[in-house]
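Undergrad: Please see the structure below; I have some questions.
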Amino acid sequence: MTTRDLPLLGRWIAARVRMMMRSPRALGFTFAFPLVLVTLFGSLNADQKVTAPSGATVEFTQYYTPSIGVFALTLACYTSLIIGVATARETGLLKRVRGTPLPLPVYLGAWLIGAGVVGILSVVLLFVVAVPAFGVHVYADMLPQALLVLVLGAACLGSIGLALGTMAKTADQATPLAQLTMLPISFISGVWFPITDAPSWLVHLAGFFPLKHLVDAFSACFVPGGSVEGGDLASLAIWFAAGMLVAVRRLRVLDGARSRLIPSFR
Amino acid sequence: MTDAAAIRMLSAMTSTLVHTETAIEVSGVRRAYGPVQALDGVDLTVRRGELLALLGPNGAGKTTLVEILEGHRVADSGRVDVLGHDPARRQRAFLERIGIVLQEEGLDPNLNVGEAVALYSAAYPNPRPVDEVLELVGLGGRAGDRAATMSGGQRRRLDLALGIAGDPEILFLDEPTTGFDPSARRHAWDVINGLRELGKTILLTTHYMEEAQVLADRVVVLSGGRVIAEGTPDTLGGNGESIVTYRQNGRIVRFTTTTPTMDLAPILTAAAERGEELEGLTVTRPSLEDVYLELTEDRS
């Protein structure tokens, strides 16, 4: 992949976003499901107050909207990416690409970035609904930081998703791989409820994974006087680098002449 | 000097010239999967602009050979040259010059036909215009259809469209008409013939002898990982033999000969002198299917 491939990358990103916007699974999963969650729990807990990770006491939806936003981002950049790439491999799409001059890094890189674009759009949609419906406050001076956290979070989740997606051989392998990692980690990371009262070992365990840092950093942008912790950003950056390292190695293997994309004997 | 020796000498003298006319050159290619020797020393030459049909029973090594030529797989030993490239290196300059139409390649269900062709052709230096590609494969006017809603035959046309979108010099067609009804198959043959007229080199694998007979300039039969026969569809394995049959005195007479005219002359003269009509007299060449079945039966 060279700089002359940038227009090609741009074309494939645009096409990938278009494909996801046309996919009923992506629309339902990434856009509708988080919206239903926020509407449902926002209405049920309209008068509740919760303690945000920063210690501030805020309205339920003020905490819940950004954390479900992180959940939507996870669905788009992690779960959908893993299942999508594994399905592409199973149905022979990756093999098709491999027989053309389109570099596999451009093809899968466009998928990673396209998933990030869709994920961030789904978060924006969530706020477009939640701000007028539940009076969620958005602090203008925190928006640049919020966007930075989202982009870094999308990159981090997407790189791990790409690494895992290129390891799974079939959609049947990919689905449990994606769900069984994402769901438990989302519970201990404070996606569904704040984990400030959880036992310390659990908090430490959650702190190992990037999702808690993503929830903490993004939620911090929506409390008065909140600020994003450098440690949270560092964790996201380290996981992004680790995910990319594995993904790039996997790509080399898949693109190589002895690739397992081609079954060994038929 | 014998004719054969003269020809060998001539071809050696002009080998550099001949080389530029060669699209694919393979010699001594071997490939094993564990204990199974899928390719056991294959030699093959395909000239530019030629349509070569690769025949052989299942497990003969056809797919392995074609995948080695496409750069999808690596030979254990032997020399492979496709358009001056070693396919195993999977260089981009090589992939820009070939087109691959396999059977089991996926399609993006959420792209329409026109978008898919435009998108995949974007990676090639000199793609063929999308409308022209769709017209060539018989999908003109279907640019808005989604792959998910297409019939099997139409999907195969889209496969072919994606294979030729980059205007490749060599086209690899893997059983392009499997599962087609007779009229769809005729149409596909017209399309393939059209591509040949554009000067494309085409390597076709097929199970349909009629397809090879109609389309191919030359046929190569692979069995047990070796080339067991090659020639034009009409001369393959038959050594120019004809089959003569007729009915005389209620008995069917049948013999094979390389000189039917000479052999028949006395028989016909004698019969004419007696005023006798030889019932059901035919002189035929063995069909490609006859030859193929005979060839592959010997080996199994």
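The values are calculated or read from the model by the stated rules, or taken from the named source; none is laboratory data. What you see is a predicted model, and the numbers here were worked out from it, not measured in a lab. Counting neighbours? That spans all protein chains shown, and the Cβs are built from the backbone with ideal geometry, glycine included.
Undergrad: For region B:1-50, name all the residues that are modelled with pLDDT of 60 or more, of a type outside the set (Val, Ile, Thr) and touching a helix residue (DSSP H, G or I) at 6+ places or on another chain (Cβ under 7 Å).
TA: Residues satisfying the conditions are B:ARG31, B:ALA38, B:LEU39.
Undergrad: Is it the case that some residue within region A:217-229 is surrounded by 16 or more Cβ atoms within 10 Å (Cβ to Cβ), within 16 Å of A:PHE240 (Cα to Cα) and among the hydrophobic types (A, V, I, L, M, F, W, C)? Working first, answer last.
TA: So the first thing to find is which residues in region A:217-229 are surrounded by 16 or more Cβ atoms within 10 Å (Cβ to Cβ), and the list is A:217-223, A:226, A:228.
With the extra rule that they be within 16 Å of A:PHE240 (Cα to Cα), the set shrinks to A:217.
Checking which are among the hydrophobic types (A, V, I, L, M, F, W, C) leaves us with A:217.
Yes, region A:217-229 contains a residue that is surrounded by 16 or more Cβ atoms within 10 Å (Cβ to Cβ), within 16 Å of A:PHE240 (Cα to Cα) and among the hydrophobic types (A, V, I, L, M, F, W, C).
Undergrad: Please work out if B:LEU203 is more than 19 Å from B:VAL291 (Cα to Cα), free of Cβ contacts under 8 Å to residues at least 24 places away in the same chain and among the aliphatic types (A, V, I, L, M).
TA: No.
Undergrad: Tell me, please, whether a residue that is buried (at least 17 other Cβ atoms within 10 Å of the Cβ), closer than 22 Å to A:ALA14 by Cβ and in contact with a Pro (Cβ under 9 Å, 6 or more places away or on another chain) can be found in region B:129-142. Give the steps one after another, and end with the answer.
TA: If we filter region B:129-142 for residues that are buried (at least 17 other Cβ atoms within 10 Å of the Cβ), which is where we start, we get B:130, B:133-134, B:136-139, B:142.
Adding the requirement that they be closer than 22 Å to A:ALA14 by Cβ leaves B:130, B:133-134.
The next check asks that each one be in contact with a Pro (Cβ under 9 Å, 6 or more places away or on another chain); those that pass are B:133.
Yes, some residue in region B:129-142 is buried (at least 17 other Cβ atoms within 10 Å of the Cβ), closer than 22 Å to A:ALA14 by Cβ and in contact with a Pro (Cβ under 9 Å, 6 or more places away or on another chain).
Undergrad: In region A:86-102, what count of residues is obtained for those that are within 7 Å of another protein chain (Cβ to nearest Cβ) and among the aliphatic types (A, V, I, L, M)?
TA: So the answer is 3.
Undergrad: Right, something else. Here's a check for you: in region A:8-17, which residue that is closer than 13 Å to B:LEU119 by Cα and more than 8 Å from every other protein chain (Cβ to nearest Cβ) is surrounded by the fewest Cβ atoms within 10 Å (Cβ to Cβ)?
TA: Going through region A:8-17, the residues closer than 13 Å to B:LEU119 by Cα turn out to be A:8-16.
So of that shortlist, the ones also more than 8 Å from every other protein chain (Cβ to nearest Cβ) come out as A:9-10, A:13-14, A:16.
Values: A:LEU9: 18, A:GLY10: 12, A:ILE13: 20, A:ALA14: 14, A:ARG16: 24.
My answer is A:GLY10.
Undergrad: Same structure, new question: For A:PRO34, state whether it is facing chain B (nearest Cβ under 10 Å) and either within 24 Å of B:ARG90 (Cβ to Cβ) or not hydrophobic (A, V, I, L, M, F, W, C) (or both). Break it down into steps so the answer makes sense when it comes.
TA: On the way: facing chain B (nearest Cβ under 10 Å): no; either within 24 Å of B:ARG90 (Cβ to Cβ) or not hydrophobic (A, V, I, L, M, F, W, C) (or both): yes.
For A:PRO34, the condition - facing chain B (nearest Cβ under 10 Å) and either within 24 Å of B:ARG90 (Cβ to Cβ) or not hydrophobic (A, V, I, L, M, F, W, C) (or both) - is not met.
For every residue, the table says whether it meets (1) without any contact (Cβ under 8 Å) to a residue 60 or more places away in the chain; (2) farther than 26 Å from A:LEU180 by Cα.
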site	(1), (2)
A:GLY28	yes, no
A:LYS49	yes, yes
A:VAL58	no, yes
A:LYS95	no, yes
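Undergrad: Can you pull out every residue in region B:186-220 that is buried (at least 19 other Cβ atoms within 10 Å of the Cβ), touching a Phe, Trp or Tyr at 6+ places or on another chain (Cβ under 8 Å) and assigned to a helix (DSSP H, G or I)?
TA: If the condition is that a residue be buried (at least 19 other Cβ atoms within 10 Å of the Cβ), touching a Phe, Trp or Tyr at 6+ places or on another chain (Cβ under 8 Å) and assigned to a helix (DSSP H, G or I), then B:ALA188, B:MET209, B:GLU211, B:LEU215 are the ones that fit.
Undergrad: Also, quick follow-up: Among (1) at pLDDT 95 or above; (2) under 25 Å from A:THR100 (Cβ atoms); (3) touching a strand residue (DSSP E or B) at 6+ places or on another chain (Cβ under 8 Å), which single condition is B:GLN103 missing?
TA: All conditions are met except number (1).
Undergrad: Taking only region B:19-64 into account, find how many residues are closer than 24 Å to B:GLU289 by Cα and either under 13 Å from the mean Cα position of the chain (by Cα) or in a strand (DSSP E or B) (or both). Spell out how you get there, then give the answer.
TA: Within region B:19-64, the subset closer than 24 Å to B:GLU289 by Cα is B:38-39, B:42-46, B:50-64.
Checking which are either under 13 Å from the mean Cα position of the chain (by Cα) or in a strand (DSSP E or B) (or both) leaves us with B:38-39, B:42-46, B:50-56, B:62-63.
Count: 16.
Undergrad: Of the residues B:GLY34, B:GLY61, B:GLY56, which is at positive phi and surrounded by fewer than 18 Cβ atoms within 10 Å (Cβ to Cβ)? Step through it out loud before you land on a result.
TA: On the way: B:GLY61 fails: surrounded by fewer than 18 Cβ atoms within 10 Å (Cβ to Cβ); B:GLY56 fails: surrounded by fewer than 18 Cβ atoms within 10 Å (Cβ to Cβ).
After ruling out the rest, the residue left standing is B:GLY34.
Undergrad: Please state which one of B:LEU281, B:LEU293, B:LEU288 is modelled with pLDDT of 90 or more and either farther than 22 Å from B:GLU70 by Cα or in contact with a helix residue (DSSP H, G or I) (Cβ under 7 Å, 6 or more places away or on another chain) (or both). Show your work before the answer.
TA: Numbers: B:LEU293 fails: modelled with pLDDT of 90 or more; B:LEU288 fails: modelled with pLDDT of 90 or more.
Residue meeting the stated conditions: B:LEU281.
Undergrad: Given the criterion of a type in the set (Gly, Ala, Ser) and under 25 Å from A:MET20 (Cα atoms), identify the matching residue among B:ALA93, B:ALA88, B:ALA118.
TA: Working: B:ALA93 fails: under 25 Å from A:MET20 (Cα atoms); B:ALA88 fails: under 25 Å from A:MET20 (Cα atoms).
Just one listed residue meets the conditions, B:ALA118.
Undergrad: Taking the conditions exactly as written (part of a strand (DSSP E or B) and of a type in the set (A, V, I, L, M, F, W, C)), does A:VAL17 satisfy them or not? Steps first, please.
TA: On the way: part of a strand (DSSP E or B): no; of a type in the set (A, V, I, L, M, F, W, C): yes.
So A:VAL17 does not fit the description; no.
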